[in-house]
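A.B. asks: Have a look at this one before I ask anything.
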Amino acid sequence: MKTLEIIFQVEIMGNSKRNIKKLNDNFRESILEYAISHNLKCANALVALYATGCRPDEIETGIKVNFDSKNNKLSFKIIGSKLNYQQKRGIRIREVTVKITDKNLQYYKSIIDIFEKNPQAYDLKIKTESAKAFSGYITKISKKLWPRKKYHASAYSFRHAKATELKNSEGFDAEKIAKIMGHASVRSQQSYGRKSRRSAGGFDDITDVETSSKPRGGDRLLRFKIKNKNEAAKKIKAASTPTDTVSPPPVRSLKR
């Protein structure tokens, strides 16, 4: 049983990380719409996942949500997982703010309705009983919507799709993406999402992100680029400067 369980987990991770391109372009929206329209218990958790691209086990811990009705914004406060202070992994707390627009209102309306019915509501907690079961619900919906497909979505499909979305949109540099994804280092995002020159971009739902610590590598990456540029300039200069100078032959005095 343990062997089968391990194989099952590997298949899920493989499908979500490497085969996002084999899923429908709008698979997240379609799955979210299905969950909301059928009033599934995982619907609000899916909203949080769709908005932030958080880890499934972070929803299991619980995400606190607040609604700013004056500015029409939802904020999602996430307690980071994969924390390891000795290895300097993970960001302890991050808060992602999403601007509500006519374009995305349909995806966030179920949560906004809770706050509008109770204006005094604060720190609405969204959580799931099990990260594994939550990902299983997503896969079941995916199979329901696309029964003939070989590859199906999981919770991590949403996370990798969010990283791809951020990388292909203006206004999201490596450090900001790391903050949204909860990475302690900007280098971690190399395993998440794919930047495409053909992408139209245009994603602007996330307007702000605040974190309890700054991701490592942003300044280091800049210094590395500057250092490489300077070294390249030195090599070009050295190549253009002759190093072997031929000395003129010594002048001998003629005896008369």
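A.B. asks: More than 28 Å from Leu23 (Cα to Cα) and under 16 Å from the mean Cα position of the chain (by Cα): which single residue out of Ile93, Ile78 fits that description?
C.D. replies: The unique qualifying residue is Ile93.
A.B. asks: Is it the case that some residue within segment 36-43 is charged (D, E, K, R) and touching a Phe, Trp or Tyr at 6+ places or on another chain (Cβ under 8 Å)?
C.D. replies: no
A.B. asks: Give me a count of the residues in segment 121-168 that are closer than 29 Å to Asp204 by Cβ and either among the basic types (Lys, Arg) or surrounded by fewer than 15 Cβ atoms within 10 Å (Cβ to Cβ) (or both).
C.D. replies: 8
Bear in mind that the values in this text are calculations on the coordinates, not laboratory data. Because the structure is predicted, anything quoted here is derived from the model rather than measured. FYI the Cβ positions are ideal-geometry reconstructions off the backbone, even for glycines, and counts take in every protein chain you see.
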